[in-house]
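Chemist: Sharing a structure with you now.
The values are calculated or read from the model by the stated rules, or taken from the named source; none is laboratory data. Quick caveat, the model's predicted, so the values are computed rather than measured. Every residue, glycine among them, receives a Cβ derived from its backbone with ideal geometry; neighbour counts consider all protein chains shown.
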Amino acid sequence: MAEKTVDHEGQGMIRGLNWLGRKTLDIIGELGALAIFFCYGIILIFSLPFQFRKIIQQVYFIGVKSFLIISLIGLFTGMVLGLQGYYTLVKFGAEGMLGAAVALSLIRELGPVLTALMVIGRAGSSIAAEIGIMRISEQIDALDTMDINPMRYLVSPRMAASVIVFPMLTALFDVIGIFGGFLTGVLLLGINSGIYFNRIYDSVVLKDVTGGFLKSLAFALIVSTICCYQGYFTHMRSEGFGARGVSLATTSAVVISCVLVLVLDYVLTSFLL
């Protein structure tokens, strides 16, 4: 009886190791496919003839149509930072540093990260769903039949447009956020406007700005690659197909992109500080 129990425990351990090994190999294979997808998409951006029209269309969709939501979120983020920062700094008699606190928080961290998260929710999900629907309706196969490279036609313009618009949207978020902090700190709480902007001028250096833009470029590549990848390979999902596959691909694109943005933000911050 004891021998049977030992054999059963051994078989259970072997099954657990087999499951862990399969999952590890699946993850490694997925990461390899994603890396190839990313490299191929980047290379096709520079293939002739250039797709200026497609890129401009995606710049409009990803960037211009995100203008309102980025402005709104940036304004209220700055206002909240101004409010919370003031009541924290006033305890130490340092309320004059509010402008520096708001500006550095936005430029270094909140601007790039929140911009990326907002674009994921508004445009990234749409990209994954659109390409996924094209896949299940065999439109991508039709492009292959017509000797049109689907990657060059669908993926590369979105990657190029993301690289263009993410830094612009981040800059917009930062400027409007600083203005939101001004509204709260100066107009509502009575801090001198000269002190507010002078502290920003003294505290923000070029390294802070370039660091924020480097983050936005990295987030642009991550978000565009993940969203396009999930939509492009919707038909290969084992959890479902058709409309369910598209919904799962869209959900995965948003969740994975958000997680990777936050993980990458920590990694980049550790190098840039």
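Chemist: Kindly check whether there is at least one residue in segment 235-247 that is modelled with pLDDT of 90 or more and in contact with a Gly (Cβ under 7 Å, 6 or more places away or on another chain). Even if it seems obvious, please write down each step before you answer.
Modeler: Our first condition is that a residue be modelled with pLDDT of 90 or more; within segment 235-247, this holds for none.
No: zero hits.
Chemist: Taking residue 104, is it farther than 30 Å from residue 271 by Cβ and out of contact with any Leu (no Cβ under 7 Å at 6 or more places or on another chain)?
Modeler: On the way: farther than 30 Å from residue 271 by Cβ: no; out of contact with any Leu (no Cβ under 7 Å at 6 or more places or on another chain): yes.
Taking the combined requirement at face value, the residue does not satisfy it.
Chemist: Among the listed residues 174, 208, which satisfies the condition of being acidic (Asp, Glu), touching a residue at least 40 places away in the same chain (Cβ under 8 Å), in a helix (DSSP H, G or I) and surrounded by fewer than 18 Cβ atoms within 10 Å (Cβ to Cβ)? Before the answer, list the steps.
Modeler: Details: 174 fails: surrounded by fewer than 18 Cβ atoms within 10 Å (Cβ to Cβ).
Selected residue: 208, the only one of 174, 208 that is acidic (Asp, Glu), touching a residue at least 40 places away in the same chain (Cβ under 8 Å), in a helix (DSSP H, G or I) and surrounded by fewer than 18 Cβ atoms within 10 Å (Cβ to Cβ).
Chemist: So residue 198 ticks every box in (1) in contact (Cβ under 8 Å) with a residue 40 or more places away in the chain; (2) in contact with a helix residue (DSSP H, G or I) (Cβ under 6 Å, 6 or more places away or on another chain); (3) surrounded by fewer than 24 Cβ atoms within 10 Å (Cβ to Cβ); (4) not basic (Lys, Arg) but one. Which box is left unticked?
Modeler: (2)
Chemist: Run residue 180 past the list (1) more than 17 Å from the chain's Cα centre (by Cα); (2) over 12 Å from residue 78 (Cβ atoms) and report the number of the one that doesn't hold.
Modeler: Exception for residue 180: condition (2).
Chemist: Whether any residue in segment 187-195 is surrounded by 19 or more Cβ atoms within 10 Å (Cβ to Cβ), touching a residue at least 40 places away in the same chain (Cβ under 8 Å) and in a helix (DSSP H, G or I) is what I want to check. First the steps, then the outcome.
Modeler: Of the residues in segment 187-195, the ones surrounded by 19 or more Cβ atoms within 10 Å (Cβ to Cβ) are 191.
Filter once more, keeping what is touching a residue at least 40 places away in the same chain (Cβ under 8 Å): 191.
With in a helix (DSSP H, G or I) added as a condition, the list becomes none.
No - not one qualifying residue is present in segment 187-195.
Chemist: Against the definition (surrounded by 10 or more Cβ atoms within 10 Å (Cβ to Cβ) and either touching a Cys at 6+ places or on another chain (Cβ under 9 Å) or modelled with pLDDT of 80 or more (or both)), how does residue 25 come out, yes or no?
Modeler: Details: surrounded by 10 or more Cβ atoms within 10 Å (Cβ to Cβ): yes; either touching a Cys at 6+ places or on another chain (Cβ under 9 Å) or modelled with pLDDT of 80 or more (or both): yes.
Yes: the conditions hold for residue 25.
Chemist: Also, I was wondering about something else. Among what's in segment 96-140 and is surrounded by 21 or more Cβ atoms within 10 Å (Cβ to Cβ) and among the charged types (D, E, K, R), pick the residue that is modelled with the highest pLDDT.
Modeler: 108
Chemist: Starting from segment 15-43, take each residue that is farther than 22 Å from residue 222 by Cα and list its partners that are surrounded by 10 or more Cβ atoms within 10 Å (Cβ to Cβ), counting only C-beta distances under 8 angstrom and pairs at least six apart or across chains.
Modeler: Going by the 8 Å Cβ cut-off, there are no qualifying pairs.
Chemist: Which condition number in (1) without any contact (Cβ under 8 Å) to a residue 12 or more places away in the chain; (2) in contact with a Cys (Cβ under 7 Å, 6 or more places away or on another chain) is the one that residue 253 fails?
Modeler: The failed condition is (1).
Chemist: Return yes or no: is residue 109 farther than 29 Å from residue 43 by Cα and among the acidic types (Asp, Glu)? Steps first, answer last, please.
Modeler: Details: farther than 29 Å from residue 43 by Cα: yes; among the acidic types (Asp, Glu): yes.
Considered against the rule, which asks whether it is farther than 29 Å from residue 43 by Cα and among the acidic types (Asp, Glu), residue 109 comes out as yes.
Chemist: Show the residue pairs meeting these rules: Cβ distance below 6 Å; 6+ apart or different chains; first residue within segment 213-236 and within 18 Å of residue 169 (Cα to Cα); second residue of a type in the set (Val, Ile, Thr).
Modeler: Within 6 Å, the pairs are 216/170; 219/261; 220/163; 223/120.
Chemist: Give all pairs with beta carbons closer than 7 Å in which a residue from segment 113-138 that is closer than 30 Å to residue 267 by Cα and acidic (Asp, Glu) meets a residue that is surrounded by fewer than 22 Cβ atoms within 10 Å (Cβ to Cβ) and at pLDDT 90 or above; count only pairs at least 6 apart in sequence or on separate chains.
Modeler: Listed pairs, sorted by first residue: none to list.
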